[in-house]
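Only the coordinates and a few stated rules stand behind these numbers; no lab work does. Just so you know, these numbers come straight off a predicted model, no measurement behind them. As a convention, Cβ positions derive from the backbone with ideal geometry for all residues, glycine included, and neighbour counts pool all protein chains shown.
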Amino acid sequence: MSEMTKKMQEIAREILVKGEAEVVIGWEKGTFWYLSPPAFIDKPEDVQRLVWDDFCHNNLSKYLVDLKNHEGKAAVFVKGCDSRAFNRLLQDKQIAREKVVLIGIPCPGLLDQDKAKELGKNSDLPKAQKCLDCQYPNPLVYDYYLGDKEALNEVAATKEAADYSDVAAIEAMSPDERYDFWTKQYDRCIRCYACRNVCPACSCRECVFDQTRVGWIGKANNSSENQFFALTRAMHVAGRCIECGECERACPMDIPIMLLNKKLVKDINELFGEYDAGIDIEGKLPLGHFDKNDPEEFM
Amino acid sequence: MKRVGVFVCHCGTNISAAVDCEKVAENAKSFPGVAYSTDYKYMCAEPGQELIKKAIKEQKLDRIVVASCSPRMHEPTFRRCIESGGLNAYLLEMANIREHCSWVHPDDKERATIKATDLVKMAVAKVMQNEALVRSTIPITKRALVIGGGIAGIQAALDIANAGHIVDVVEKEPSIGGRMAQVDKTFPTLDCSACILTPKMVDVANHPNVNLITYSEIEKVEGYVGNFDVTIRKKARSVDLKACTGCGTCIQKCPTKVPSEFEMEMMDRKAIFTPFPQAIPNKPVIDRESCRYFKSGKCGVCQKVCPTNAVDFTQEDELVTERYGAIVAATGFDLFDDSVYGEYGYGKYKDVITGLHFERLLNASGPTMGKIKRPSDGKIPQNVVFIKCVGSRDEAKGKAYCSKTCCMYTAKHATLVREKIKDSNAYVFYMDVRTPGKGYDEFYTRTTDQYGAKYIRGRVSKIYEKGDKLIVWGEDTLLGRPVEIEADMVVLATAMVAKADAAKLAQMVGFSYDQNNFYTEAHPKLAPVETHTAGVFLAGACQGPKDIPESVAQASAAAVKVCGLLSKEEMPTEPIISAVNEAICSGCGMCVPVCPYTAIDLKVIQERVHGKTVSRKIANVNSGLCQGCGACTVACRSAALNLKHFTNEQILAEVDALCL
Amino acid sequence: MSVKEMPQNWEPKILVFACNWCTYAGADLAGLSRLQYPPNIRILRVPCSGRVNPQFVIRAFQRGVDGVLVAGCHPGDCHYVSGNYFTRRRYLLMQRLLQYVGVDPERFQARWISGSEGPKFQQVVTQITEEIRAMGPNRKLRDAQ
């Protein structure tokens, strides 16, 4: 058992025994060695189910939305990206800060699940792409912190410039090549909406894609409707995506959704100044305000 | 079943020359929902309107498309028409087949007809989704607020009060009067400013319908036309206005002297003071920043000498909230900071002053008792140089706009120099002389021809001190040669700029301002005193540089607008506004910051979920504030906000129809 | 109709979202001034360019429009104070996103056209029509049926 797993179990037990929260949301081992799905622990004797390993991908903050009407408090473990998700949901007024106990965990970056499945145990596994892109490995907000505080500051000071080489590669293609690339990707989409359901930026009570009466989108699963879905979703999370990569992980058809999201993050930074979602909850959202001196291309 | 009637207008030959109107009407018969379609020579004329009304009745039509001119032209006409035909006015759509079709495609009848057909198709698809909308009403509070007690605010208040309405005037300074009180004489008549202003000040103060609230500022504004809830901060005056008789003993005895703002710091006032002798209310206020008692706890002389015990050091700021039906912003202007022009030496050389300083030097109750004397040594200047356009018409260092009043007041100043100082010279450096206005150019001509002021076209490049003289270097661009003048005094025609806190008030009330922070009128030609916010009007220089007659005229115009509003018990509201689908709204609040009218806030509702009562936040549109732009509808990802008459469903239907 | 082949007599169909206060008025002025332009555009009136949901634009391409123009008041002149500033932000992003997924830049454009700019309206829609005519029918994002 890893040191961190031990710490997690201890604090979970303490929180439950003291009654600080009624449920602790963490990760446990799943059906396969490369899966660590969420665990909802509400009894002290169950805390040994909790684990921390290289596959604790699931962004747990989103589950807090389901507990919105729950009277008691919930405790939740947060990695860097989970904490940005928490801030995102807080900014969208979907959760109440005072009803949540946040336990921060420093995240060294997790391993690629798909590669794990493909290459098998004991192979040399690469990090997940979202972790390679990660700028905030440490939680930004927490009530308890299970790591080394000094390391926290050290890492925070060495935030590197984001790498958009994958986005740039697509930008370098011709329009027709780009269109063919994305058509191939979204022709696979089965519109299961798993990407939406797992997304901490998607917290609408009723999603437009479910509004059949208005007719935003048809039921047909074809290129055109799928592209409408992809573009609309990208615009809806623009300026709000916290780059946790959950959409891409949840996608059963392996569509590189983050390539769309990252494009918007890149453009927002270039057009409207540096902005990372889920960092500053008081700040204005890129599409929620404007600057009179924004770039002018429409003269 | 919805039954749409389509009416295609020929507009004489304006449309039918380029569009086959009969064919368009014929084509329309096949569009989904169309029960009746016809064409006619002039739909807007009486027989055309009768035709529509008759068809509504006979064909049992429940929504109408008129294909004719621009809706910007005749939408109101046809709305009234179908309303009198028994339909709700909003069950009308227009297809613009004149301005957007026949007039721009005169040479291709076939394709113009196809286009007209498409436009009708889109209108039919939209009107199928139109809903009857009802204009509601909001009550009007019969009380007006005028912000600013200068000449514009005074005039507006008097006019509103004379019409029989109650009006409150909030003035930031201890006295009303504003800038005009500082001015000595007015152009082009050279009558004394105070002599024409002070009677008006007295009138407004004595008017039974006017409440003066001086030494007070606007703290918060909420609500909308007819119902503005305004919180006013009454600053602690430290003098009980009711008890004080204005005898002035306290002022005499006060040991602390500070430079008087009213006298442009060329004279001192006391720490307990009235800004000028004719101040209204003519009762003092303690400037707590400089008062010895407030600084050190010692002194209190004013309190000791006051015969009515009116001095109260314990007074605190008081917040009062009042509801108003209409607001007039008359907050006036500030002066441009001339020290930006280092070459003129303003702020460095005592005898380089602004026009407003010069006004005080001219004034009989000013620092020099009306004798023009140099601030540095009190000598009477022989050579006075005036420089125009300081801070105005200069994009690089100042403002791009023309400050408008400077040409005239400089002419006035030059005249007075020549009149008051024997053998004096008045030199005026100018870029242009702009004198539109009644009697203005005649005044300017007198200044040069009769009074002999020397006008030099060109800018001044440098001013420096030499002995007790100011050497002014410039260029006469008409003669193309440099000019050097040994001046005793230099007066800068300083630009009017917006008040430093102008933007703050605009943001509070929720109206717009331009890049110079002057308040923006609703339309530069046709709505020059209105703002974009219903119920808020503008008067005076807060909207842009103005002289006294213009400020007064605009104030009276604003007053008429206020009276028009207050004469009604209630007013109808436009029903094309945003609406919230409460079931869908997740209360994320993305819509709140995009609304330019602060019409959206979040409210808490309670609902039952799995047998429990839970509360959640949702967006709430204030129908009095919403102007129907639809910005919120796009900010709302889940389309919980929708704009009536331009709903998502309607626009999607139009888009779809275009490609059917 | 197959979208790949260029049909005979094909004419581009271009949708213009025009704000009521500026661009729609500018188009009216073009009409009043009898300024001619190709009859390929269809104007859809909205109160403000800020009312134009990007989903409307995608829908237009789905349904077979060959080009979309979103047009409104110049920044600073919005009848609704600030609507077009949001339009500018939104469509700066949207334009890049559309290009990123392969839509040719000419297909989606945004412009500021005031109520007094009849000639500009004429010039802009003429230019867009000609650009799109040269490119042929749009097949991207389009509903195959």
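List the lysines whose alpha-carbon lies under 24 Å from that of B:Lys462, not counting same-chain residues fewer than 8 positions away?
Here the lysines satisfying the reach criterion relative to B:Lys462 are B:Lys348, B:Lys350, B:Lys373, B:Lys379, B:Lys388, B:Lys397, B:Lys399, B:Lys454.
Which far-off residues, 5 or more places away or on another chain, put their amide H under 5 Å from the one on A:Tyr145, with H placed in the peptide plane?
A:Gly104
When you look at the Cβ of every residue in A:121-133, what mean number of other chain Cβ atoms sits within 10 Å?
Details: counts 0, 0, 0, 0, 0, 0, 0, 0, 0, 0, 0, 0, 0.
Rounded to a whole number, the mean comes out at 0.
I want to check the label-to-label distance for B:Gln606 and A:Ala161. Put each point 7 Å from Cα in the C-beta direction and report it in nm to one decimal.
Reported label-point gap for B:Gln606 and A:Ala161 is 5.7 nm.
Please list, in order along region A:218-224, the HN-Hα scalar couplings obtained from phi with the Karplus expression 6.51 cos²θ - 1.76 cosθ + 1.60 (θ = phi - 60°), rounded to whole Hz, x for Gly and Pro.
Here the 3J(HN,Hα) series is x, 6, 4, 9, 9, 3, 4 Hz.
Could you give the dipole magnitude of region B:249-305 about its Cα centre, charging the beta-carbon of Lys and Arg +1 and that of Asp and Glu -1, in debye to the nearest 20? Write down the numbers at each step before the final one.
Working: 10 positive and 6 negative charges, 89 e Å.
So the magnitude is around 420 debye.
Report, in deg cm²/dmol and to the nearest 500, the calculated mean residue ellipticity at 222 nm for chain B, where each DSSP H run with n ≥ 4 adds -39500 (n - 2.57) and the sum is divided by the residue count.
Computed mean residue ellipticity for chain B: -8000 deg cm²/dmol.
Take the alpha-carbon centre of region A:80-103, take the same for region C:1-77, and report the distance between them in whole Å.
42
So, in region A:128-267, how many Lys pairs have Cα atoms under 20 Å apart, if the pair is 8 or more places apart or on different chains?
11
Other chains near B:150-158: what is the mean number of their Cβ atoms within 10 Å of each residue's Cβ?
Average per residue, whole number: 0.
How far apart, in nm, are two points set 7 Å out from the Cα along the Cα-to-Cβ line at A:Lys149 and at A:Glu20?
1.5
Using a 10 Å cut-off on Cβ to Cβ distances, tally the other chain neighbours for every residue of A:219-232 and report the average as a whole number.
Details: counts 0, 3, 0, 4, 6, 11, 2, 0, 10, 7, 1, 3, 12, 6.
Average neighbour count from other chains, rounded to a whole number: 5.
Given the C-alpha centroids of region A:249-299 and region B:62-139, what is the distance between them in whole angstrom?
A separation of 39 Å, based on Cα centres.
Please list, in chain and number order, the residues 5+ apart from A:His57 or on another chain whose amide H is under 5 Å from its amide H, with Hs placed from the backbone.
Under 5 Å from the amide H of A:His57: A:Ser36.
Which angle from 0 to 90°, rounded to the nearest 10, does the C-alpha axis of helix B:440-449 make with the longest principal axis of chain B?
It is inclined by approximately 30 degrees.
What nm distance separates the two modelled labels at B:Lys466 and A:Asp280, each placed 7 Å from Cα along Cα→Cβ?
It is 5.5 nm.
Treating the angle as unsigned and between 0 and 90°, give the value, to the nearest 10°, between the Cα long axis of helix C:118-135 and the longest Cα principal axis of chain C.
Roughly 10 degrees between the two axes.
Please name which of B:Tyr90, B:Ser238, B:Gly370 has its Cα lying farthest along the dipole of chain B towards the positive end, using unit charges on Cβ (Lys, Arg +1; Asp, Glu -1) and the Cα centre as origin.
The listed residue farthest towards the positive side: B:Ser238.
Sorted by average packing, counted as other Cβ atoms within 10 angstrom per residue and highest first, what order do B:252-262, C:99-109, C:19-29 take?
Taking the mean over residues of other Cβ atoms within 10 Å, the ranking is C:19-29, C:99-109, B:252-262.
With the contact rule set at Cα under 8 Å and sequence spacing of 6 or more, what percent relative contact order holds for region B:278-436?
Normalised by residue count, the contact order of region B:278-436 is 14 percent.
What's the center-to-center distance, using Cα atoms, between region B:390-414 and region C:110-141 in Å?
The distance from the Cα centre of region B:390-414 to that of region C:110-141 comes to 43 Å.
Mind checking which lysines have their Cα closer than 26 Å to the Cα of B:Lys23? Skip sequence neighbours fewer than 8 apart in that chain.
B:Lys2, B:Lys41, B:Lys53, B:Lys54, B:Lys57, B:Lys60, B:Lys109, B:Lys115, B:Lys121, B:Lys126, C:Lys13
For chain A, list the cysteines whose Cβ sits under 4.7 Å from no other cysteine Cβ?
Taking the Cβ cut-off of 4.7 Å, the unpaired cysteines of chain A are A:Cys56, A:Cys107, A:Cys131, A:Cys134, A:Cys189, A:Cys192, A:Cys204, A:Cys207, A:Cys241, A:Cys251.
So for the protein assembly as shown: antiparallel DSSP bridges make up what percent, rounded to the nearest 5?
Working: 64 of 140 bridges.
Looking only at bridges with both residues in the protein assembly as shown, the antiparallel portion is about 45 percent.
Positive end of the dipole of the protein assembly as shown, charges at C-beta (+1 Lys, Arg; -1 Asp, Glu), about the Cα centre: which of B:Ser175, B:Cys406, A:Leu35 has its Cα farthest in that direction?
My answer, from the dipole projection, is B:Ser175.
Can you give the FRET efficiency to the nearest 0.05 for B:Glu343 and B:Arg288, using r as the Cβ-Cβ distance and R₀ = 35 Å?
Computed FRET efficiency for B:Glu343 and B:Arg288 comes out at 0.35.
Which lysines have a Cα less than 16 Å from the Cα of A:Lys93, not counting those fewer than 8 places away in the same chain?
Within the straight-line limit of under 16 Å, A:Lys93 reaches these lysines: A:Lys62, A:Lys68, A:Lys284, B:Lys603, B:Lys617.
Can you tell me, using C-alpha contacts under 8 Å and at least 6 residues apart, the relative contact order of chain A as a whole percent?
Relative contact order comes out at 16 percent.
How big is the dipole moment of chain C about its Cα centre under a simple scheme where the beta carbon of each Lys and Arg is +1, that of each Asp and Glu is -1, and everything else is neutral? Debye, nearest 20, please.
Result for chain C is approximately 400 debye, rounded to the nearest 20.
Suppose every Lys and Arg Cβ carries +1 and every Asp and Glu Cβ carries -1, with no other charges. What dipole size does region B:260-341 come out with about its Cα centre, to the nearest 20 debye?
So the magnitude is around 580 debye.
Below 8 Å between Cα atoms, with a sequence gap of 6+, how large is the relative contact order for chain B in percent? Provide the component values of the computation, followed by the final result.
Working: 1467 pairs, mean separation 85.4, N = 660.
Averaging sequence separation for qualifying contacts and normalising by length gives 13 percent for chain B.
Starting with the highest mean, order B:395-408, A:171-184 by the number of other Cβ atoms within 10 Å, averaged over the residues of each peptide. Walk me through the intermediate numbers first.
Details: B:395-408: 18.4, A:171-184: 15.2.
In descending order of packing, they fall as B:395-408, A:171-184.
Which of the peptides A:198-206, A:124-132, A:74-82, A:8-16 is most tightly packed, and how do the rest follow, going by the mean number of other Cβ atoms within 10 Å of each residue?
Result, highest mean Cβ count within 10 Å first: A:74-82, A:198-206, A:8-16, A:124-132.
If you line up the long axis of helix A:80-91 against the longest principal axis of chain A, both from Cα atoms, how many degrees apart are they, to the nearest 10?
70
Once the dipole of chain B is set up with Lys and Arg at +1 and Asp and Glu at -1 on Cβ about the Cα centre, which of B:Thr77, B:Tyr597, B:Leu479 lies farthest towards its positive end?
Towards the positive end, the residue furthest out is B:Tyr597.
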